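See below for the structure under consideration.
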Amino acid sequence: MIEIHHARPPERDSAEELWRSAFGDGPEFQREFYRLCAPEGPLVLLEDGELRSALALPRVSMILADGRRLRAGYVYALATRPGFGGQGWASTLLQCAAGLARDWGLDCLITVPEPSSLFAFYEKNGFRPGFYLRNITAQPVPAPAVPVSPAEYNTLREQLLSSRAHVSCTEDQIAFQQYLCGLSGRPGGGLYRLELAHGPGCAAVESLERPVVKELLCAPEDVERGAAACAALCGAPVTARFPSDAADGTPFGAIRWLEGTPASIRSKAGEGWLGLAFD
């Protein structure tokens, strides 16, 4: 018998172990994710009471360039138990998640195929590429940068993205990104407001062995300077992600529209910004 539901207490340990085996993240990481991003817990698929596949489905918003707000679910940490791959369990769970999302009144599902070879798998399950970005590598050059709270970051982020279709996060979800920024314990990780030549910017910096700016939002003329400022925070070169369109960018995420979403809306969101994917 196949069952699909949010994990009950006896099933949470199995779901936690599956996540750890698939992605390497320990219990603290998972607890913080569910506490801040998806308090309902993982969605699990069981066969005769045994876990086969699981995913998380945090709720986010898709905001169009004209200000309209859509409701979305972010498919995260989709994994199948070792030894059961290739049997369609992940696809079955995705189809169920889409059905649940429709029942909840959501307009679409989004995800980040990682590695990028998984785009083909998601396309077979109704997703299409979207959420384009570009990367820039920069050497350290100091510039004014002030650490900010998740609330302050989110306010500035929404201002900087107000003319672009984008995925909007809750303050708690931004707090989880702040947690990720500090995981390595290295200098420079955090959420920042940047003071740049053409106005303020914001950056989410993960100061890893090879530091990464998960999103750099600022005026296009300031991208190089903003990336260099983030590198100065880390004391090392960084790779920074910033918004682009399909013409000169790389697809970062994928989107599946749910039944009933008007075509006029679908055409406006595909090249939006995702940015903070907790990848």
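Read the figures in this text as sums done on the coordinates, not as results from a lab. From a predicted model like this one, the values you see are computed outputs, not experimental measurements. We place every Cβ from the backbone using ideal geometry, glycine too, and count neighbours over all the protein chains shown.
Modelled spin-label separation between GLU17 and GLU152, with each label point placed 7 Å from Cα along the Cα-to-Cβ direction: 4.4 nm.
Only Cα pairs under 8 Å and 6+ residues apart enter the sum, and on that basis the relative contact order of the chain stands at 21 percent. Global size of the chain: 18.9, 61 Å for Rg and Dmax (C-alpha atoms, Rg to one decimal, Dmax whole). Applying the Karplus relation 6.51 cos²θ - 1.76 cosθ + 1.60 with θ = phi - 60° to the stretch 184-190 yields 3J(HN,Hα) values of 6, x, 7, x, x, x, x Hz, where x marks Gly and Pro. Applying 1/(1 + (r/R0)^6) with R0 = 35 Å to the Cβ-Cβ distance of GLU3 and GLU195, what FRET efficiency is obtained, to the nearest 0.05? The formula returns an efficiency of 0.05 here. Subtracting the Cα-Cα distance of ASP172 and LEU100 from 0.36 nm times their residue separation leaves 23.6 nm of extension gain.
Seen against the Cα atoms of the chain and their longest principal axis, helix 27-36 is set at about 80 degrees.
Among ASP245, ASP103, ASP222, the largest mean-square fluctuation in a Gaussian network model of the chain, built with springs joining Cα atoms closer than 10 Å, belongs to ASP103. Residue by residue, the stretch 69-79 carries 3J(HN,Hα) couplings of 10, 9, 9, 9, x, 9, 6, 9, 6, 6, 8 Hz when phi is fed to the Karplus relation 6.51 cos²θ - 1.76 cosθ + 1.60 (θ = phi - 60°); x denotes Gly or Pro. Taking amide hydrogens as placed 1.01 Å from N in the peptide plane, the amide H of LEU70 sits under 5 Å from those of MET62, ILE63, LEU64, each at least 5 positions away in sequence or on another chain. Two numbers describe the Cα atoms of the stretch 1-133: Rg and Dmax, which are 14.8, 48 Å. With the simple model of a label 7 Å out from the Cα in the direction of the Cβ, ARG31 to ARG186 spans 2.6 nm. The GluC sites (Glu not before Pro) of the stretch 203-235 meeting both criteria, a DSSP state outside H, G, I, E and B (loop) and at most 12 other C-beta atoms within 10 angstrom of the site's C-beta, are GLU209.
Across the stretch 197-209, coupling constants 3J(HN,Hα) worked out from phi with the 6.51/-1.76/1.60 Karplus curve, θ = phi - 60°, read 4, 10, x, x, x, 9, 8, 10, 10, 9, 8, 7, 4 Hz, and Gly and Pro carry x.
Who wins for biggest fluctuation among ALA247, ALA22, ALA231 in a Gaussian network model of the chain, springs between alpha carbons below 10 Å? Taking springs between Cα atoms under 10 Å, the residue moving most is ALA247. Can you tell me the FRET efficiency between SER162 and ALA247 if r is taken as the Cβ-Cβ distance and R0 is 22 Å, rounded to the nearest 0.05? E(calc), rounded to 0.05, equals 0.50. Fewest-first ordering of ARG102, ARG68 by other beta carbons within 10 Å of each residue's beta carbon gives ARG68, ARG102.
Local charge for GLY226 was computed over the other residues whose Cβ lies under 12 Å away, with Lys and Arg +1 and Asp and Glu -1, and equals -2.
What is the extension gain from ARG210 to SER116, computed as 0.36 nm multiplied by their sequence separation minus the C-alpha to C-alpha distance, in nm to one decimal?
Extra length available between ARG210 and SER116 comes to 31.8 nm.
Here the sum of -39500 (n - 2.57) over DSSP H runs of 4 or more residues, divided by the residues of the chain, equals -9500 deg cm²/dmol at 222 nm, to the nearest 500.
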